[in-house]
Number of protein chains: 2
Amino acid sequence: MASVSASARSPQVQDENSTCHDVASFKAADTVVQLCETRKPKPESENLSFGTVFTDHMLLIKWSSGGGWEKPQIQPFGNLSLHPACSALHYAVQLFEGMKAYRGRDDRVRLFRPMLNMERMLKSAHRACLPSFDGAELMECIRKLVEVDQDWVPHSDSASLYIRPTFLGTESSLGVKKPSSALLFVILSPVGSYFSTGNKAVSLWADSKYIRAWQGGTGDCKMGGNYGASIFAQYEAVVLGCQQVLWLYGDDHQITEVGTMNLFLYWINEDGEEELATPPLDGIILPGITRQSILELTRQWGEFKVSERYLTMAALRLALQQKRVKEMFGSGTACVVSRVGRVLYQGENLQIPCADEEHSLVSRLLKELTDIQYGRTESDWTILV
Amino acid sequence: MASVSASARSPQVQDENSTCHDVASFKAADTVVQLCETRKPKPESENLSFGTVFTDHMLLIKWSSGGGWEKPQIQPFGNLSLHPACSALHYAVQLFEGMKAYRGRDDRVRLFRPMLNMERMLKSAHRACLPSFDGAELMECIRKLVEVDQDWVPHSDSASLYIRPTFLGTESSLGVKKPSSALLFVILSPVGSYFSTGNKAVSLWADSKYIRAWQGGTGDCKMGGNYGASIFAQYEAVVLGCQQVLWLYGDDHQITEVGTMNLFLYWINEDGEEELATPPLDGIILPGITRQSILELTRQWGEFKVSERYLTMAALRLALQQKRVKEMFGSGTACVVSRVGRVLYQGENLQIPCADEEHSLVSRLLKELTDIQYGRTESDWTILV
């Protein structure tokens, strides 16, 4: 099985089945399973609000600098007991991942490219000064957890079981330092569509007043601080009649991400080429797994130019004036893809074209990706639970 | 008593005794006190490692969007029970404050400018989308808590009781949004000197590889994410033989902060003037209460120019070459002041002069500030517990 170590910091692992490193790690084979006595009722798959309902069990793995990793524990879902000086609560020594388990019409449950999540989690752990582990071992622990709660994976083509690995520093003293103890845990939540608007186009507020991430910061890691700091801007976007923030960067108002998603522009570029473009992984962009999958899929198609490149608001505005924009959309695990309909920028509402549902790139990507995720298309991107 | 609301976002409140706003808030008078049955043994004041020992009690105040603020609770110190989806753990919806209680030779216990902490805490809460409250009410709750645990305030001129107010989003769902529930708590820790080196000069690593804060971010608020993200750089500084990071900003390598402290340069400036300079509160600098107190004290003295101004590494290096630097030091609640002895920058060790102990500005400031804090000098900057 594949393994990655925190020292391998490249966000894009091409070979998802590389050989093992020798990392001091917990072992999935040591997992202690304690099942709960009564199971909770399962919710309806429809109208599931994102991340509000949790399954019967959770995975917990403790680490300390003195004792190393303890045995993984699958146990009944319940509150965490944390020391009030816990460094995750004071200094945001914390990170998370987001992935999903999908039930196919064949009733089999699949994970989508889970080793990419493990790789990214180890990269975040390195940046957060949290200990390393064998990514393949965590993946196997997660597989076991999903297996235990497999009845919670919705019988639905649009719903899934969201998997939330979380990793906390649990140092119980107030010095700002590398934690000497940590807690890795995984919770599961059956989810429907991320946005309450469903597949409708989202509206964005683009302003340089708030900046999501910075060169030399942590924008390329899935650390909690990146998200909490964004809520204030998100709230201001809503006040201004938009649903999400289009995060800009630099004096030239580079387009970076949207809300908690990566961003794609499908257009005729400045040189007259048909191009699918997304900002490059230059340190301020989260290396999204859906982002990577869209780049790989469309490069396989070979139908248009696929670029990781800088995009600015000026270039977008000019392209809109010249009717060169075909589609714009966000991508992420929670939503897969989410089309953008409008951008509020410098007091002006920029209307983004949407191809008709049937012939749009976003619909085609949604179909191809979900066909893989739900097992309708054979792919080595999925792993059976 | 003074009160501040989150909408008053100016970091520098000159009038610490302004009149009340009408903020929906808990009331200190409603505090429910539950004392623990047995008291823990108190540690020796000497050799107290920062923030590792906690007192017998803690303060907890819960809030929810439906029910508002609950009654403050003073109860035995113990672990927090948190839902594993708690937004403080996933999205760093969290902030904290740092303040101290000092025991004078008159055996009375004082707080130092506590309303400035309340003001800053409300500003952080606003940025973190956490609810507002009446700062004077929280100050009174903290006063009560310190009173309950007053035996823990060290009988020492160098030790004190560190007070750590913390404020968490406790939303128990995974959407990135304004929390609908929150927990404010305060813990107390008897502390000695912050740095294990005591009053020795600290060495700094200055590099633009990691950036602490940026315009449009949260660097001017005491939010957890600012701190956790700094540990990696701090660790690299230690590997390079330095104790702390000198945080730079921008292409011109502006000097911003040092470790978790504000920074002061005492020098003969480019115009030949004797000047005490610290970076201005332009959005990336934490508005430190010790920083503000040093500015106010030295402006009162009227002995040299006191400036909030930009400082660059080039200006520092040139001034060192021309022997115009008198002293450089950090300031913060934990350490009060901490002199800088050396800066490693672009492979070069810049030696920072230190005036002899007796005649240095840093010693004079340490004496004047601690004279106020420990009640040896009468001042309206302190409040009796």
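Remark on the range A:242-325: hydrodynamic radius 13.4 angstrom, per the Kirkwood mean of 1/r across alpha carbon pairs. Highest-first packing order for the peptide set A:264-271, B:263-270, A:328-335 is A:328-335, B:263-270, A:264-271, based on the mean count of other beta carbon atoms within 10 Å. The rotation axis taking chain A to chain B passes closest to the C-beta of one chain A residue; that residue and the distance in whole Å read A:G225, 1.
Principal-axis analysis of the Cα atoms of chain A puts helix A:114-127 at an angle of about 80° to the longest axis.
Counting only residues at least eight positions apart within a chain, or on another chain, the lysines with an alpha carbon under 20 Å from that of A:K40 are A:K144. Roughly what angle does helix A:361-373 make with the longest principal axis of chain A, taking Cα atoms, 0 to 90 degrees, to the nearest 10? It is inclined by approximately 20 degrees. Within the same chain, lysines fewer than 8 places from A:K323 are excluded, and of the rest, those with a Cα less than 27 Å from its Cα are A:K200, A:K305, A:K367.
Averaged over the residues of peptide A:164-172, the number of Cβ atoms from other protein chains lying within 10 Å of each residue's Cβ is 2. Summary of packing: across the peptides A:361-372, A:50-61, A:316-327, the per-residue average of other C-beta atoms within 10 Å ranks them, highest first, as A:50-61, A:361-372, A:316-327.
Neighbours of A:G51 by Cβ distance under 13 Å: Lys/Arg scored +1, Asp/Glu scored -1, total +2. With a 10 Å cut-off around each Cβ of A:208-214, the average count of Cβ atoms from other chains is 4.
B:D157 label points, 7 Å along Cα→Cβ, one per copy: pairwise distances from this copy to the rest in nm, shortest first? The answer, with the shortest distance listed first, is 8.0 nm. Sorted from nearest, the other copies put their B:L240 label points 3.7 nm away, the label point being 7 Å from Cα in the direction of Cβ. Summary of the geometry: the range B:302-362 and the range A:306-326, compared by the centres of their Cα atoms, lie 48 Å apart. If one takes the longest principal axis of the Cα atoms in chain A, at what angle in degrees, from 0 to 90 and to the nearest 10, does the Cα axis of helix A:135-148 lie? That works out to roughly 80 degrees. Starting from the label point of A:D30 at 7 Å along Cα→Cβ, the same points in the other copies fall at 4.8 nm, in ascending order. Counting Lys and Arg as +1 and Asp and Glu as -1, what is the net charge of the other residues whose Cβ lies under 12 Å from the Cβ of B:P41? Neighbourhood net charge equals 0.
For chain B, modelled as a GNM whose springs connect Cα atoms under 10 angstrom apart, the maximal fluctuation among B:G135, B:G241, B:G375 occurs at B:G241.
Note on B:K42: aspartates and glutamates with a C-alpha under 12 Å away, same-chain residues under 8 apart excluded, are B:D56, B:D149, B:D151.
Sorting the segments B:171-177, A:83-89 by their residues' average number of neighbouring beta-carbon atoms within 10 angstrom, most packed first, yields A:83-89, B:171-177.
Across peptide B:75-83, the mean count of Cβ atoms from other chains lying within 10 Å of each residue's own Cβ comes to 4. Pairs of Cα atoms nearer than 8 Å and 6+ residues apart set the relative contact order; for chain B it is 18 percent. Sorted into 10 angstrom bins from 0, the C-alpha pair distances of the range A:202-247 split as 29, 50, 20, 0 percent.
Measuring between alpha carbons in the structure, the pairs from B:K123/B:K222; A:K222/B:K177; A:K27/A:K178; B:K27/B:K123; A:K123/B:K177; A:K123/A:K222 lying more than 18 angstrom apart are A:K27/A:K178; B:K27/B:K123; A:K123/B:K177.
Read-outs throughout are calculated quantities, based only on the coordinates presented, and are distinct from any laboratory measurement. Since the structure is predicted, the reported quantities are computational estimates derived from the model, not experimental observations. All Cβ positions, even for glycine, are placed from backbone atoms using ideal geometry, and neighbour counts span all protein chains on display.
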